[in-house]
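Comments concern the structure below.
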């Protein structure tokens with residue numbers, strides 16, 4: 001998710017995401033176990049940072065990783 005934000009926006013968008021949700025998203029990797037409460041906060045914050053086409057692209061990318 002952080003790589004997607006950096007590519008679509010800037011590194012500042014990741015910093016803004018961290019400020020909006022209070023979750024240090026850069027500390028997560030592909031093997032991290034999701035905390036449901038943190039994941040919910042991150043999802044809400046991402047929606048405010050991305051437009052609809054980018055939200056769909058991110059959802060597609062994340063679903064392909066499952």
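Throughout, read-outs are computed from the coordinates displayed, never taken from laboratory work. Bear in mind the structure is a predicted one, so any value in this text is a computation, not a measurement. Glycine also receives a Cβ, built like all others from the backbone with ideal geometry; neighbour counts cover every protein chain displayed.
Structure values in brief
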| read-out | value |
| --- | --- |
| Relative contact order (percent, whole number), the chain, Cα cutoff 8 Å, 6+ residue spacing | 33 |
| Reported label for calculated Kirkwood radius over Cα pairs in Å given [x] 12.7; [y] 12.1; [z] 13.2 | [y] |
| Inter-label distance, nm, simple model (7 Å from Cα along the C-beta direction), residue 32/residue 57 | 2.2 |
| Label point distance in nm, residue 3-residue 48, each placed 7 Å from Cα along Cα→Cβ | 2.7 |
| Helix-derived mean residue ellipticity, 222 nm - over the chain, DSSP H n ≥ 4, -39500 (n - 2.57), to 500 | -21500 deg cm²/dmol |
